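Shown next, in structure tokens, is the structure this report addresses.
The values are calculated or read from the model by the stated rules, or taken from the named source; none is laboratory data. Keep in mind that what you see is a predicted model, and the values were worked out from it rather than measured. Every residue, glycine among them, receives a Cβ derived from its backbone with ideal geometry; neighbour counts consider all protein chains shown.
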Amino acid sequence: MSHRRAALPVLLALLLALPAAAAAAPSTPSAADAVMLQAADSRAAGLPVGGEREFAQESGDRPWLCDGEGDTDVEGPKPRRTYVASTQAEAKGRESVVEQDISLYRSAAAAQAAFAKIATLAQSCTGTVTHLDDAPVPVTRTNGTLKTAVGGSPMIWVAQEATDGAREFEYSVFALVGSAIQTIELEHQGAQAKPIGAAERTRADRLAATLAKRWLAG
């Protein structure tokens, strides 16, 4: 994946230089529901889809980046609220989820600062940690940035794999979208789950760019 990375220090410098522009984003839950991830989006991207599409509004959930050591998580700054849209597919021994989170901050400047923080935190999502869920599980994490930019800022990606016990593979892409941060997460879990390869990552990257632009268009 090295050919898709940009240096994170360069990304941070770009973020500091960005103007705090206002976004023409959806302003109500129903408007957000209409423009966020649909089953047709997952299908068009060639990503898993099958179960019902779900939409919810949550209060202040922090953007999740990766598992940390022990029972800790690496998370971004707390937003005012979060919209969540997801689709899922189940196969024998595997469940797959595609999820879009829109974490809303009080202003474009606040979202920009939060995204800069996420860019810094993403660098800690590397190497292997022993994460404690129901039992200690080794989790291997990687991260980087994409050449694809949304709103003038390159997107950030984080991936992690847990192959002991309950197999779980996750790939997340973060984008700055006006006064919000968008997260697109692809997850496979279960005894027959397989790692998320380069082709699936590329499709998730493209979906992230498409949905980010749709959100900004309002």
*Answer yes or no: is there a residue in region 136-144 that is of a type in the set (Lys, Arg) and at pLDDT 95 or above.*
yes
*asked:* Just to check your reading of the model, which residue among Arg106, Arg62 is assigned to a loop (DSSP other than H, G, I, E, B) and out of contact with any strand residue (DSSP E or B) (no Cβ under 9 Å at 6 or more places or on another chain)?
replied: Arg106
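Yes/no per residue for (1) more than 13 Å from Ser179 (Cα to Cα); (2) not β-branched (Val, Ile, Thr):
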residue: Gly68; (1), (2): yes, yes
residue: Pro79; (1), (2): no, yes
residue: Thr87; (1), (2): yes, no
residue: Ala91; (1), (2): yes, yes
residue: Leu104; (1), (2): no, yes
residue: Ser107; (1), (2): no, yes
residue: Gln112; (1), (2): no, yes
residue: Phe115; (1), (2): no, yes
residue: Leu121; (1), (2): yes, yes
*Output the residue which, of all residues in region 93-126 that are touching a helix residue (DSSP H, G or I) at 6+ places or on another chain (Cβ under 9 Å), hydrophobic (A, V, I, L, M, F, W, C) and under 17 Å from Arg80 (Cα atoms), is surrounded by the fewest Cβ atoms within 10 Å (Cβ to Cβ).*
Ala113
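Tell me the residue from Ala217, Ala113, Ala159, Ala166 that is aliphatic (A, V, I, L, M) and in contact (Cβ under 8 Å) with a residue 60 or more places away in the chain, please. Outline the logic, then answer.
Numbers: Ala113 fails: in contact (Cβ under 8 Å) with a residue 60 or more places away in the chain; Ala159 fails: in contact (Cβ under 8 Å) with a residue 60 or more places away in the chain; Ala166 fails: in contact (Cβ under 8 Å) with a residue 60 or more places away in the chain.
Unique residue meeting the criteria: Ala217.
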*Exactly one condition in (1) under 15 Å from the mean Cα position of the chain (by Cα); (2) charged (D, E, K, R); (3) under 25 Å from Ser42 (Cβ atoms) is not met by Lys117; state its number.*
(3)
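Residues being closer than 21 Å to Gly190 by Cβ and in a strand (DSSP E or B): count how many of those fall in region 89-101. Spell out the reasoning first.
First, pick out the residues of region 89-101 that are closer than 21 Å to Gly190 by Cβ: 89-99.
Retained after the next criterion (residues that are in a strand (DSSP E or B)): 89-91, 94-99.
Of the residues in that region, 9 qualify.
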*Return the residue satisfying two criteria in turn: it lies in region 68-92 and is within 16 Å of Glu170 (Cβ to Cβ) and hydrophobic (A, V, I, L, M, F, W, C), and of such residues it is surrounded by the most Cβ atoms within 10 Å (Cβ to Cβ).*
Val74
*Out of all the residues in region 158-173, is one or more aromatic (Phe, Trp, Tyr), under 13 Å from the mean Cα position of the chain (by Cα), assigned to a strand (DSSP E or B) and farther than 23 Å from Gly60 by Cβ?*
yes
_If I ask for residues that are at pLDDT below 95 and out of contact with any Phe, Trp or Tyr (no Cβ under 8 Å at 6 or more places or on another chain), which ones from region 184-212 would you list?_
Gly190, Ala191, Gln192
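With Thr145, Thr130 as the choices, which residue is in a strand (DSSP E or B), surrounded by fewer than 20 Cβ atoms within 10 Å (Cβ to Cβ), touching a residue at least 12 places away in the same chain (Cβ under 8 Å) and touching a strand residue (DSSP E or B) at 6+ places or on another chain (Cβ under 9 Å)? If you could, list the steps in order and put the result at the bottom.
Working: Thr145 fails: surrounded by fewer than 20 Cβ atoms within 10 Å (Cβ to Cβ).
Selected residue: Thr130, the only one of Thr145, Thr130 that is in a strand (DSSP E or B), surrounded by fewer than 20 Cβ atoms within 10 Å (Cβ to Cβ), touching a residue at least 12 places away in the same chain (Cβ under 8 Å) and touching a strand residue (DSSP E or B) at 6+ places or on another chain (Cβ under 9 Å).
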*Residues in region 16-34: is at least one modelled with pLDDT of 95 or more and surrounded by 15 or more Cβ atoms within 10 Å (Cβ to Cβ)?*
yes
_Regarding region 66-88, can at least one residue be identified that is out of contact with any helix residue (DSSP H, G or I) (no Cβ under 9 Å at 6 or more places or on another chain), assigned to a helix (DSSP H, G or I), in contact (Cβ under 8 Å) with a residue 12 or more places away in the chain and among the aliphatic types (A, V, I, L, M)?_
no
